[in-house]
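To start, the structure under review is shown below, and the notes come after it.
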Amino acid sequence: MGQSSSAHGFSPTDSNYPHHRCSGTGHSQSEFFYPTLSEEDDFPISQPCENRDYTDGLPDECLALIFQSLSSGDRKRSSLVCRRWLLVEGISRHRLSLNAKTEIISDIPTIFSRFDSVTKLALRCDRRSVSINDEALILISHRCINLTRLKLRGCRDITDLGMACLAKNCEKLKKFSCGSCMFGAEGMNALLINSISLEELSVKRLRCMNHTVSVEPISIGSNAVCSLKYICLKELYNGQCFGPLIMGSKNLKTLKLLRCLGDWDRVLETIASRENHLVEIHLERVQVSDIGLRAISKFSDLEILHLVKAPECTDAGVVDVARHCKLLRKVHIDGWRTNRIGDVGLGAIGEYSVNLKELVIMGLNPTVTSLLAIASNCQKLERLALCGSESIGDAEVTCIATKCMALKKLCIKGCEVTDEGIVSFAWGCPNLVKIKVKKCKNVTGEVADLLRSRRGSLTVNLDVGEVDVEVVEVVDGSASDGGALEEGIEFPPIARIVPILGAGGVIDIDTPSTSNFGRSSASTSRIGILGGSGFVACTFRRWSNGNANENL
């Protein structure tokens, strides 16, 4: 970052040194005239200074760019070097996460006087602490009028009044996410009415909407109806009150309904009856039947479909979707071992979904018939996961190895395959870069050595330990699409909070979490539509994060 002096103590480009330049452009150094120095000329020679700060001549904008390229920890430590660095780091920080305990209210003016350019804010409070209240939220909203993203987690003392004031002061919000909060429909309506630019809305466990009493519907006359592109609802007892908002959002592209009670067929039918632009749909443990899938089949722009543990859906509904949604490129189906979706539905996917790139089959029992159709017709298939199937054996796996020429990543878990089937990948699937085999009791460690010796570039992840096919991996492809932030199938943990300022902890929102939620046992995995959170972390999410340059 510093500038070193030349051997003679000057540079031809030094502004203090007299020189003349010919008119015009593109001249070489020979076209410039530089006077020569005689021995009698007294020319000052700069001496190196051991205590010189070479960043003094660096503009604040350049220093801010350097800070933005640092990790959260390095950025905090760098801000303590000197007062200037502290100032520049503060005004250039746009992303902030606070430990939203009630004690932080006295430090809010100090925090946001230093970080006065924050546009992305996360407020998190753990279960054992008392969260910030309306007063603190209103104070923050006055300080952050340019806020575009806001995440609330565990802020149980915020009411409709605080949300109404927030909505009026922060009209530039584009993304809003809340979980385990206590405000109700009135506060949500205030947010939607005032946020004319709101594009993404994520609501999880909004407790005031989980009572059996009637809940005020979310207003369809809000300004956000025209701007909303992403809606995610999780674990809402009265999630149906968002029905009018979903049905009225004409520019909606992504809809995720996860463990929300109520009949959702009517909502999907209403969306299908008008012009829509839905590209991605996630349905997990919700009451939806073939009627809803028939409505989804009318979404001509649909590219991504996740159908997880919806026991009322059958082959007929899957066939309708596959036949009419010709742009499908990612399909995840978890049949929950109900055997209502099988060769007929999967065969239709293989026949009509020629653009398919990612397929996850869980809790289904396909045979060679459907897998052959998929392997033969889906020539663009790059990622495949087969989990918890009693019918997938060596014949089915060999069919994949023989036909799937474009396949790059394969996951087999809890299936009846043996070494004979796995070894077929030593010669098949020429583009395969990674294979993962877990909880397959008939597969031994010897096949891994054979694969590595035959294909040195192939990454082999083989787990021949304890068999537990009831708990299988859920693959979430939304991360590879650059969609909204943190909406995987697994419950998002509370981020690790590192206190560095006063009573409130200030960290960068990207600080990794060290929390770890337990998995539900197999005996409780099917109890209630809202029961249990035992989902294992996603396979392809880890693969895509480790291979970001492969454009998965």
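The values are calculated or read from the model by the stated rules, or taken from the named source; none is laboratory data. Remember, predicted model here, so these are calculated numbers, not experimental data. Cβ sites come from the backbone with ideal geometry, for glycine too, and all protein chains shown count toward neighbours. The protein model used for the area step is the full one, side chains on, heavy atoms only, and it has no ligands, DNA or RNA in it. Shrake-Rupley method; radii C 1.70, N 1.55, O 1.52, S 1.80 Å.
Structure notes:
- Filter result for residue 245 (part of a helix (DSSP H, G or I), out of contact with any strand residue (DSSP E or B) (no Cβ under 6 Å at 6 or more places or on another chain) and farther than 30 Å from residue 335 by Cβ): yes
- Only one of the numbered conditions (1) among the hydroxyl-bearing types (Ser, Thr, Tyr); (2) at pLDDT 90 or above; (3) more than 22 Å from residue 206 (Cα to Cα) is not met by residue 69, and that is (2).
- Number of the exception - residue 406 against (1) over 27 Å from the mean Cα position of the chain (by Cα); (2) open to solvent by 10 Å² or more (accessible area, probe 1.4 Å): (1)
- The residues of the stretch 241-270 that are open to solvent by less than 10 Å² (accessible area, probe 1.4 Å) and in contact (Cβ under 8 Å) with a residue 60 or more places away in the chain, listed by number, are 256, 258, 259.
- The conditions of being out of contact with any Cys (no Cβ under 9 Å at 6 or more places or on another chain), free of Cβ contacts under 8 Å to residues at least 40 places away in the same chain and polar (S, T, N, Q) are not met by residue 141.
- If the condition is being open to solvent by 10 Å² or more (accessible area, probe 1.4 Å) and touching an Asp or Glu at 6+ places or on another chain (Cβ under 7 Å), then the stretch 309-321 contributes 309, 314, 316.
- Residue list for the stretch 222-240, restricted to those being open to solvent by 10 Å² or more (accessible area, probe 1.4 Å) and either aliphatic (A, V, I, L, M) or in a helix (DSSP H, G or I) (or both): 223, 225, 226, 240
- Those residues of the stretch 197-231 which are at pLDDT 90 or above and not small (Gly, Ala, Ser), in sequence order: 198, 199, 200, 201, 203, 204, 205, 228, 229, 230, 231
- Qualifying residue in the stretch 120-129 (condition: touching a His at 6+ places or on another chain (Cβ under 9 Å) and open to solvent by 10 Å² or more (accessible area, probe 1.4 Å)): yes
- Members of the stretch 271-286 found to be surrounded by fewer than 16 Cβ atoms within 10 Å (Cβ to Cβ) and touching a residue at least 12 places away in the same chain (Cβ under 8 Å), listed by number: 274, 275, 277
- Here the condition is being touching a Leu at 6+ places or on another chain (Cβ under 6 Å), open to solvent by 10 Å² or more (accessible area, probe 1.4 Å) and not aliphatic (A, V, I, L, M); of 390, 396, it holds for 396 alone.
- Condition check for residue 182: open to solvent by 10 Å² or more (accessible area, probe 1.4 Å), of a type in the set (A, V, I, L, M), over 28 Å from residue 116 (Cβ atoms) and at pLDDT 90 or above: yes
- The number of residues in the stretch 365-390 that are in a loop (DSSP other than H, G, I, E, B), within 33 Å of the chain's Cα centre (by Cα) and under 20 Å from residue 340 (Cβ atoms) comes to 5.
- The set of residues in the stretch 71-90 that are under 21 Å from residue 53 (Cα atoms) and open to solvent by 50 Å² or more (accessible area, probe 1.4 Å) comprises 74, 77, 80, 81, 83, 84, 86, 87.
- Flag for residue 133 being in contact with a helix residue (DSSP H, G or I) (Cβ under 7 Å, 6 or more places away or on another chain) and open to solvent by 30 Å² or more (accessible area, probe 1.4 Å): yes
- Residue that is nearest to residue 227 (Cα to Cα) [pool: residues in the stretch 150-179 that are open to solvent by 10 Å² or more (accessible area, probe 1.4 Å) and within 24 Å of the chain's Cα centre (by Cα)]: 174
- Qualifying residue in the stretch 136-151 (condition: in a loop (DSSP other than H, G, I, E, B), more than 24 Å from residue 75 (Cβ to Cβ), of a type outside the set (Ser, Thr, Tyr) and modelled with pLDDT under 95): yes
- Flag if residue 113 is out of contact with any Pro (no Cβ under 8 Å at 6 or more places or on another chain), modelled with pLDDT of 90 or more, hydroxyl-bearing (Ser, Thr, Tyr) and in a helix (DSSP H, G or I): yes
- Segments classed as helices (runs of 4 or more DSSP H), wholly inside the stretch 255-361, with at least 3 members that are farther than 29 Å from residue 404 by Cα: 265-272, 290-296
- Count of the stretch 353-367 residues which are among the β-branched types (Val, Ile, Thr) and open to solvent by less than 10 Å² (accessible area, probe 1.4 Å): 2
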